[in-house]
């Protein structure tokens with residue numbers, strides 16, 4: 001460097017250093033603001049759509065706020081209690097404890113987490129929220145974000161991959177994220193509403209197919225993109241297993257049907273892409289299979305695994321008339337239609353007659369489109385499967401068999417309830433509506449340009465969601481909320497709440513959830529191998545002492561306690577490995593329970609607002 005250049009550089013440095021720091025900071029902020037403004041101008045509409053979905057999700061779930069600890073979903077509080085416990089137990093994964101058998105429930109046998117609908121990935125990622133604010137806040141956050149996240153993900157799929165207009169994509173995505181079935185499942189079924197990875201998986205399959213087409217680019221097949229699509233698909237599938245396997249299963253079945261239908265509709269395209277597409281899919285299956293070998297073995301063959309699904313396919317079958325009924329959870333719905341489903345969390349088929357009519361009209365109009373034919377075929381199959389083994393019409397079970405009858409008893413398949421096959425209709429129908437909406441707007445006929453978009457909008461308005469009903473729930477005992485349980489339970493020990501939690505009444509599991517599962521519980525609400533011949537059951541059999549205490553808690557009274565009951569109680573405490581037995585002050589029939597426990601174990605010790613008995 002010449003002396004002149006060095007002098008110039010020195011002068012520039014001195015000039016820069018002479019500028020006040022505040023001015024340099026202001027310039028940096030101004031530059032950042034300029035870039036943000038430019039980004040907002042180019043993607044402002046996308047941001048607006050995403051914010052609208054977040055606002056809608058907040059409106060649907062607003063009953064849980066601003067105090068999630070004191071609110072509960074009124075239509076399914078039992079499952080909310082279960083999922084709050086799952087989320088609390090999931091915090092251990094964030095600290096390196098990756099065991100898939102937990103002893104924090106059903107002590108001492110434990111629970112196979114993968115046999116249950118745990119949302120391990122969500123609970124692990126949101127561990128900081130759980131530790132900072134409590135597990136009810138995490139639950140409420142996931143309940144809203146699942147809806148918004150699913151809609152946002154589908155919006156970008158429709159607008160970027162399907163090349164739909166923003167308006168059409170927003171309408172279709174709204175149906176995917178806020179359709180009747182999803183809103184219904186949001187009554188505590190977090191594993192079913194976490195569908196924001198589904199459009200990612202679909203996009204990767206589409207990306208793989210396009211890369212495998214030798215006619216798509218002058219140099220032929222894009223082998224690099226085939227490989228990366230397959231690897232990313234394997235990664236997303238692996239993550240989805242730890243969010244919700246049932247969603248993954250339903251997505252896989254639907255994608256197989258759509259791919260087959262599209263291939264039959266475009267045979268030339270299918271012949272071109274088939275070799276490399278199959279190769280890419282085999283890579284994805286092998287990589288995902290290798291990553292999931294141990295978890296899947298643990299789920300189906302590991303400790304406390306079950307050989308069958310716990311629910312009856314005959315009970316969870318969709319009523320044929322429910323497809324044209326409007327959900328009670330939609331603004332134009334009626335509570336009378338609830339009789340067409342098994343419960344408020346399973347309005348999966350309630351599409352409503354306006355939407356059914358619009359869908360039928362769009363199919364007839366666009367039947368020549370290969371994508372429409374593929375979607376229609378897949379929709380018919382999935383809707384038919386949702387009807388279950390025997391057709392149900394207006395609440396009456398007929399002798400007419402359905403195709404699901406051939407699937408009854410099959411491993412893995414029977415774990416997916418028949419009526420939940422209808423959940424896949426939402427993205428299928430949404431795709432059809434996006435295509436129809438945009439084709440109508442580009443149509444040469446003015447009536448078509450006006451009538452089709454209007455019909456789509458009205459049909460979606462008919463199933464617009466209402467806020468989920470919520471109600472208050474009692475506060476936790478100070479014994480738990482104030483951490484006083486540590487005076488009674490040794491580290492990692494077992495606390496016996498009275499009465500013990502059961503599937504119909506799991507309320508005591510809130511105690512363990514509030515403590516982030518730092519102590520274990522006997523019995524509880526879970527799926528385990530306690531049915532006949534080791535088949536699946538909800539919960540486990542009750543021990544003599546838990547049965548005695550459950551009776552007192554329900555009916556009151558003071559049963560006669562003799563040496564036989566005391567001996568059984570000592571054996572049960574030893575079996576559970578219990579550190580402490582506790583009765584909260586607000587427990588119904590508390591005085592009778594305390595008297596019964598004192599007859600079994602001797603005098604109690606008052607800790608905060610609980611009566612306790614401590615064991616070494």
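The values are calculated or read from the model by the stated rules, or taken from the named source; none is laboratory data. Note that the structure is predicted; figures quoted are calculated from it, not measured. Don't worry about glycine lacking a Cβ; one is built from the backbone with ideal geometry, like all the others, and counts go over all protein chains shown.
If I go through the range 464-504 residue by residue, how many of them are closer than 18 Å to residue 104 by Cβ and either buried (at least 17 other Cβ atoms within 10 Å of the Cβ) or under 30 Å from the mean Cα position of the chain (by Cα) (or both)?
Of the residues in that region, 15 qualify.
When the range 506-535 is examined, which residues are found to be more than 22 Å from residue 489 (Cβ to Cβ) and either crowded, with 19+ Cβ neighbours inside 10 Å or touching a helix residue (DSSP H, G or I) at 6+ places or on another chain (Cβ under 6 Å) (or both)?
Of everything in the range 506-535, those that are more than 22 Å from residue 489 (Cβ to Cβ) and either crowded, with 19+ Cβ neighbours inside 10 Å or touching a helix residue (DSSP H, G or I) at 6+ places or on another chain (Cβ under 6 Å) (or both) turn out to be 527, 528, 529.
Within the range 260-271, how many residues turn out to be surrounded by fewer than 18 Cβ atoms within 10 Å (Cβ to Cβ) and assigned to a helix (DSSP H, G or I)?
Of the residues in that region, 8 qualify.
Can you tell me which residue in the range 297-326 is farthest from residue 410 (Cα to Cα), limited to those that are touching a residue at least 24 places away in the same chain (Cβ under 8 Å) and in a helix (DSSP H, G or I)?
324
Going residue by residue through the range 183-200, is there one that turns out to be part of a helix (DSSP H, G or I), out of contact with any helix residue (DSSP H, G or I) (no Cβ under 8 Å at 6 or more places or on another chain), crowded, with 18+ Cβ neighbours inside 10 Å and at negative phi?
The answer is yes, given that some residue of the range 183-200 is part of a helix (DSSP H, G or I), out of contact with any helix residue (DSSP H, G or I) (no Cβ under 8 Å at 6 or more places or on another chain), crowded, with 18+ Cβ neighbours inside 10 Å and at negative phi.
Among helices (runs of 4 or more DSSP H) lying entirely in the range 1-115, which contain 3 or more residues that are modelled with pLDDT under 95, out of contact with any helix residue (DSSP H, G or I) (no Cβ under 7 Å at 6 or more places or on another chain) and closer than 29 Å to residue 153 by Cβ?
21-60
Being closer than 25 Å to residue 152 by Cβ and either buried (at least 18 other Cβ atoms within 10 Å of the Cβ) or not assigned by TED's automatic domain parsing to the domain that holds residue 412 (or both) narrows it down to one of 231, 250, so name that one.
250
Restricting the search to the range 206-228, which residues are surrounded by 20 or more Cβ atoms within 10 Å (Cβ to Cβ) and in a helix (DSSP H, G or I)?
207, 208, 209, 211, 226 - these are the residues of the range 206-228 that are surrounded by 20 or more Cβ atoms within 10 Å (Cβ to Cβ) and in a helix (DSSP H, G or I).
Among the candidates 151, 168, 140, 121, which residue alone is surrounded by fewer than 24 Cβ atoms within 10 Å (Cβ to Cβ) and either within 17 Å of residue 54 (Cβ to Cβ) or modelled with pLDDT of 95 or more (or both)?
Every option except 121 fails the conditions.
Which condition breaks for residue 587 when tested against (1) without any contact (Cβ under 8 Å) to a residue 40 or more places away in the chain; (2) under 33 Å from the mean Cα position of the chain (by Cα)?
Result: residue 587 fails condition (1) only.
Can you tell me which condition residue 311 does not meet? The list is (1) under 30 Å from residue 463 (Cα atoms); (2) modelled with pLDDT of 95 or more, and all the others hold.
The one condition residue 311 does not meet is (2).
Has the range 331-350 got at least one residue that is crowded, with 18+ Cβ neighbours inside 10 Å, at pLDDT 95 or above and more than 27 Å from the chain's Cα centre (by Cα)?
no
Let me confirm something: among 337, 327, which residue is in the same structural domain as residue 372 (by TED's automatic domain parsing) and touching a helix residue (DSSP H, G or I) at 6+ places or on another chain (Cβ under 7 Å)?
327
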